[in-house]
Structure formats: C-alpha cells, structure tokens
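All remarks here apply to the structure that follows.
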Amino acid sequence: MGKIAIIGAGASGCFCAVCIKAARPDADVTVFEAGLKPMAKLALTGGGRCNLTNTFSGVGNLRDVYPRGFNLMKRVLSSFGPDDCREWFEKEGVRLYSQPDGRVFPVSDDAMEIVGLLAEKMRRSGVELRCRHKVMGIRKEEKFIVDIEGRPQFEADAVVVASGGGTAGLLESIGLKTVPQVPSLFSFRIEDRSLRPLMGSVSPSAVLGLAGTGFKSRGELLITDWGLSGPAVLRLSSYAAGWLAENEYKAELTVNWPGAGENEVREWLRETAVANGLKQMGSVHPEGLSGRLWKHILSRAGIREDLRWAELGSKGTNRCVASLTSDVYRITGRCRFKDEFVTCGGVDLSEVNASTMESRKVPGLFLTGEVLDVDAVTGGFNLQAAWSTAYVAAVSIMERI
C-alpha cells in the first residue's frame, strides 16, 4: 500500500492524510478535491469559530448524540476520542477552550486556524493536494483505478473515501450498499404569522416532539423570522431526519415551552394565582420565558392579558396548561442551519469493519467521515466523528505500508 489516494479534502480526508504522513513520511499520499480549495466546509463550522469537538461530559448515552452509527462511534472513540483530539491539536499549538455545554473551540475563535494548521502540515509532509479534481468512479483491478473527470486515471494501492455527504453513490458502482442520504441539522419553516413579532425570543429548555411519532428533543428554542431554530430544533431534525424527508418536511410540531410536566405547570399557575390574584395575567410570566412570549402563549390559550389572576378559573387553567405544554405548530419545510450542512445516510455500516474503517467487500478501500451512515446532533460531535474515523483508517493503512 505504498500509493494512497484520498478522495475528499474535507476535515476527515485531510486529517487522515496528515496522520498517515506523520507515521510514514515516505508514504505516497494524494488527496483529490472536486472544489476550488480544501476544507471549505470546515472553515464555516461553528459559525466560523470551528466547534472542533465536544468534551462529552454531559453525554450519558452515545445514542443521544449519534442517532445513527452510535455503535461504530463507540468503537472508534475508544481509539481516538475527544481527549485525544484536544491533545492532538494542543500539541500542534492550538489553544482550546470548552464552553459549559461541552463544545470545544480554538481560543482564537477562528476556524481558519484549524484549516491553516492542517493545510500547512499536509504541505510540509509532502501530501499532494489536487483541487478541481472530481472523482467520477473507483474500480478495483490489480490496483485501484480512480476515474477523474477530464483527467487521466490514477492508480493507487489503497483508497480512502472521505468525500462527505451526497457522494455515497460514488461507491455503489464498486458494490457497496448505501442508505439514501437526506439532510440533517436544519431549522423548521413555520408559516404561523403569530410567531413573527416574537423573532429573537428564546425558550431556554423547551421540549419538542413530532405528533404521531416518538421523536422528542429538549434544549434552547429560538423563534426566527422563518419559524423555529436553536439546539432543540436541530437536535430533533437530526433524530427524525429520515422520517421528515419521507414526509416532505411537513409535520405537526408539539412545543412544551417551559419543558415542564403538566402537574408542575398546573402547580405554578395555582401558586401564581394565589400570590398575584389582583395582578393582570400578562404582567406575571414563568421564569425563563419573556413577557412577549408569555403574552403569545396566553393568546394561544384564548386568555386576555388584562384578566386578573384570581379570575383564571379551572377552565382557564386547563387552557393555559395545554398552551404551555402542548402547543402545536405546522412545519411546512426546512431551512439550512447557517452555512453548515450535514446529511444522514451514506455507506451502510454493515459494509465497514469498525476496527479499521476498511470495506468488508473491497480490501484496501477505507471509508471515513460523512460518507458513512453516521451523523450527530450539533455541538462538535460530527467533527469528532470525522477526526476519529480518519485516525482509525490512517492507523490501519500505516500498519500495512
């Protein structure tokens, strides 16, 4: 395996190249990229700040953050986990910091620091980077034949496919089974005009669900000019990516604004009515919800803002409880999350040896990153999957050189 072709110059492909050359400086590594420059998507992650991993400190079950591929991720994280990732980048001179929610960023808050580091390490180690080289197909003969649009074929002893979402079809011709790729991590378009005046309002710990399904999520909910976004929505879109695609991104969304149970909400309403009987309903709102949002919830419940708390009554209480804990909105479509785009689907994981990231059917063919049917919720988990699968593939290749 002296000659290695890596298809895709994203985070996973470039990291794999760097890891191979670090251990085997004499390895012949060529990276093919269809775009104009490497790591274009990495430069946009975390809003340009590069949320390169997560501490995983609040993760009780990998299934919660990796809706698809959590078993494979358990294996690869044991070889190169978040601590290994932070140590690797810090040894390369990147100072990092962690946020309370576990997200990890460079102190510079600049994704280009990570892009620049990997690009420079590839250049110095002798990795050949060929941008504007779109790979059209891969064949296995005595060696691998890589077909490149408008350019001569390339022969390689081993191939790493790290070409990201939307490219799994490249591997079907070589006999690998794939799962249809559909978008993940997106916000919800909601045409309800009553939400528009609330743009920018936040519910810090809302619970969302899709009616008629078991999909639920909890987290911060943000009202936007097109509908709803924030971590709670992105997490739900990840959990239900396939279902939402099958239903053409149309569904009934249930919203529990305070993220509390019905009994807890009912008790809060009772205590508030006792303590503030002569005050108007619109003047006293639940902790964590803004006055504007509270008035919207009252309107949804059909309750006047100027109604005295002492006048709420049992029927009004029931309507308030329903509006707070099971408000319903119609999702009419999806919106991309900033400039980032993640897909679920890809190469079926039954095709891959999780210990090596090598194809079970095609020896010498390795698969890393988003081309696999592995994806995560937002928070640095997708990039960790890119680093981890790339590292495992690189180690396996290095053992054979």
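The values are calculated or read from the model by the stated rules, or taken from the named source; none is laboratory data. For clarity, every value in this text was computed on a predicted model and none was experimentally measured. All Cβ positions, glycine included, derive from the backbone under ideal geometry; neighbour counts span all protein chains shown. What goes into the accessible areas is simple: the full protein's heavy atoms, side chains included, and nothing from ligands, DNA or RNA. Shrake-Rupley method; radii C 1.70, N 1.55, O 1.52, S 1.80 Å.
Could you work out how far the C-alpha centroid of segment 210-257 sits from that of segment 84-142, in angstrom? Here the answer is 31 Å between Cα centres. Protection proxy ranking, highest mean first, for peptides 46-55, 77-86, 300-309: 46-55, 77-86, 300-309, where packing is the per-residue count of other beta-carbon atoms within 10 Å, averaged. Amide H contacts for residue 136 (H built 1.01 Å from N in the peptide plane; partners 5 or more residues away or on another chain; cut-off under 5 Å): 147, 148, 149. Sorting 384-395, 90-101, 310-321 by their mean Cβ neighbour count within 10 Å, with the most densely packed peptide first, gives 384-395, 310-321, 90-101. Labels on offer are (i) 105, 96, 37; (ii) 83, 42, 33; (iii) 89, 61, 34, and the one holding Cα extents along the principal axes in Å computed from this structure is (ii). Backbone geometry of segment 355-367 corresponds, through the Karplus equation with coefficients 6.51, -1.76 and 1.60 at θ = phi - 60°, to 3J(HN,Hα) couplings of 7, 10, 6, 9, 4, 6, 8, 10, x, x, 9, 10, 10 Hz, x marking Gly and Pro. Considering helices alone, the calculated mean residue ellipticity of the chain at 222 nm is -9500 deg cm²/dmol, with DSSP H runs of length four and up weighted by -39500 (n - 2.57) and normalised per residue. The phi torsions of segment 51-57, fed into the Karplus equation with coefficients 6.51, -1.76 and 1.60 and a -60° offset, translate into couplings of 7, 7, 6, 9, 6, 6, 5 Hz, rounded to whole numbers, with Gly and Pro shown as x.
Using only the Cα atoms of segment 84-195, build the gyration tensor, take square roots of its eigenvalues as a ≥ b ≥ c, and label the shape rounded, prolate or oblate: rounded if a/c is under 1.5, else prolate if a/b is larger than b/c, else oblate. Cα axes put segment 84-195 in the oblate bin.
For the chain, the antiparallel share of DSSP beta bridges with both residues in that region comes to about 75%. With the charge dipole of segment 100-175 set up from +1 on Lys and Arg Cβ and -1 on Asp and Glu Cβ about the Cα centre, the Cα lying farthest toward the positive end among the listed residues 126, 174, 100 is that of 126.
Karplus-derived 3J(HN,Hα) values for segment 302-309, using 6.51 cos²θ - 1.76 cosθ + 1.60 with θ = phi - 60°, are x, 10, 5, 5, 8, 5, 6, 4 Hz; glycine and proline are entered as x. Take each peptide in 109-120, 146-157, count the other Cβ atoms within 10 Å of every residue, and average; sorted highest first, the result is 109-120, 146-157.
Here the accessible area is traced with a 1.4 Å probe on the protein chains. For the chain, carbon and sulfur cover 48 percent of it. Accessible surface area normalised per residue over the chain is 44 Å², counting heavy atoms of protein chains with a 1.4 Å rolling probe. Taking all protein chains together, 296, 285 sort by accessible area into 285, 296, largest first [probe 1.4 Å].
Once backbone amide H atoms are built at 1.01 Å from N, residue 373 has 347, 349 as its partners under 5 Å, excluding neighbours fewer than 5 places away on the same chain.
Taking a straight Cα-Cα cut-off under 23 Å and skipping sequence neighbours fewer than 8 places away in the same chain, the lysines within cross-link reach of residue 250 are 216, 338. Taking amide H as placed 1.01 Å from N in the peptide plane, the amide H of residue 7 sits under 5 Å from that of 32, 160, 161, 162, each at least 5 places away or on another chain. Approximating the spin labels as points 7 Å out from Cα along Cα→Cβ, the residue 87-to-residue 3 distance works out to 3.7 nm.
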